[in-house]
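Inspection log for the structure reproduced underneath, given as structure tokens.
The values are calculated or read from the model by the stated rules, or taken from the named source; none is laboratory data. On a predicted model such as this, the values are computed, not experimentally measured, just so you know. Using ideal geometry, Cβ is built from the backbone for each residue, glycine included, and neighbour counts are taken over all protein chains shown. Accessible surface is based on the protein model in full, side chains and every heavy atom, while ligands, DNA and RNA are left aside. Shrake-Rupley method; radii C 1.70, N 1.55, O 1.52, S 1.80 Å.
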Amino acid sequence: MSKTVIRVTPVAGFDIPELERWLAAMSKKGLRFSMTAGLLTVFERAERRTVQIHLEPIRGAVEDDPELNALYDDAGWKYWGIFRGSFYVFASDDLTARAHTDVETHEYALKRFFRGKVIGGALLALANALLLGLYQRGAPWKIDWTWLRYFPVETFSNKPVLPFLLAALGLLLIDLSYLLGLCRLLRYRKAIRNGTVPNRHRKVGWLSAIGSVILIPVLINSVQLLSGANYRPYDLVGSGFVTLADIEGSDLRLSHDAFYNMDYIAHEGTLLDAESWYFQQYAAFGVDDSPNDVPRLEITVTRYPWNALAEMRMAELGRQKFDNSGDDQRFDVLDECLYAKWEGWTHTSEMTGETRAFLPGGILALRQGNTVLFVNYYGEQDLSEHMEQFARMLINL
């Protein structure tokens, strides 16, 4: 049997009396305090002992203090270690022993400790602002409710809604644990000054523990974003992607603008953002012409964590784009295949009298498992004739 036992600390880090009671209770079970590792407390198996625990706030460097240990040893207290870089842990078999006879000295130590934790609160507030600021585009109040209601999968795919919600929940629990701990530290100081016994409180250390677990995927996601690991483009050549020339013909002149004629595949994804691919191409157009007046192709592919999400995305696309389409086709190699086409049309402005012609085109949505491909095409060709090419492209991703 291992001599080391690890437990989640169920008590707020500033709740000195409750921490003392908990460590004493663990000793009574045969678990002697050894050290801490974040939200975890490490114990060593030992004989069951009924002891009194005292936590002495650390006032200087976080290191053993031989002089202080000697003073406590003379008074019958044994030094057990350091708790979270905040307290020295002392234990005594004498349950009536007093760790302090000088109230003023004890109050001075608690006052300095309190000030240090207030400064820590300012750093926590800064961490709140930085993390939530990184994902502010995903704040629900910045998103049209209609999109959240009818197109939740698309909304969560295009905006960092999930990282924002997880960050907000995790930080809320950690902030609440911090504030409750700070309030209890104030009450403890007051009780020490008045010479009374501090009131017992509920153990709220689990708030901080749960909040930290929730934040783990958010922090991993943030590292991926800030390090640039989220964006991994690759060359169009050899990618297997269908191009505008494949549809229009090899004699088509493409735009020379890199924005309108991508020679690469944009590829990105993080822990909390589905893997996706994007590609677009436009035919050449003059300086005074609109890019919307020439043939163009846009391809978006998204690989979701679960098939259910991909099915929901196809349902969203069907509701938005294909509800009036009778050209529904399916391939055996695909789970779903939707296609719609439209004819070219013209529009005359009532204000200027100018008439503008809009190209015909079509849209295509394919799903295989958890991957959804969406194609948006404007041009004179029939997009349905290239469905097999797009299906093969999707399968090979």
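From the cross-link list K78/K111; K78/K190; K28/K190; K78/K117; K3/K117, which pairs have alpha carbons spaced over 31 Å apart?
Details: K78/K111 24 Å; K78/K190 27 Å; K28/K190 29 Å; K78/K117 26 Å; K3/K117 33 Å.
K3/K117, as the Cα separations exceed 31 Å there.
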(message) With an 8 Å Cα cut-off and a minimum separation of 6 or more residues, compute the relative contact order for segment 13-142 in percent.
(response) 19 percent
(message) Quick check for you: with a 1.4 Å probe and neighbouring chains kept, what is the accessible area per residue of segment 114-273, in Å²?
(response) 59 Å²
(request) Show which lysines lie in cross-link reach of K159 when reach means a straight Cα distance below 19 angstrom and same-chain residues fewer than eight apart are skipped. (result) K142
(request) Calculate what fraction, in whole %, of the accessible area of segment 1-125 sits on carbon and sulfur atoms when a 1.4 Å probe is rolled over the protein chains. (result) 53 percent
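Taking a ≥ b ≥ c as the square roots of the Cα gyration tensor eigenvalues, with a/c under 1.5 meaning rounded and otherwise prolate when a/b beats b/c, else oblate, which class fits the chain? Please report the intermediate quantities before stating the final value.
Details: a/c = 3.64, a/b = 3.07, b/c = 1.19.
Since a/c reaches 1.5 and a/b is larger than b/c, the shape of the chain is classed as prolate.
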(message) Quick check: the angle from helix 205-227's long axis to the longest principal axis of the chain, C-alpha only, nearest 10 degrees?
(response) 40 degrees
(request) Just need the relative contact order of segment 74-214 here, percent rounded to a whole number, with Cα pairs under 8 Å and 6+ apart. (result) 22 percent
(message) Could you work out [θ]222 nm for the chain from helices alone, using -39500 (n - 2.57) per DSSP H run of at least four and dividing by all its residues? Round to the nearest 500 deg cm²/dmol.
(response) -12500 deg cm²/dmol
(message) If I model a spin label as a point 7 Å beyond the Cα along the Cα-Cβ vector, how far apart are those points for V223 and W306 in nm?
(response) 2.6 nm
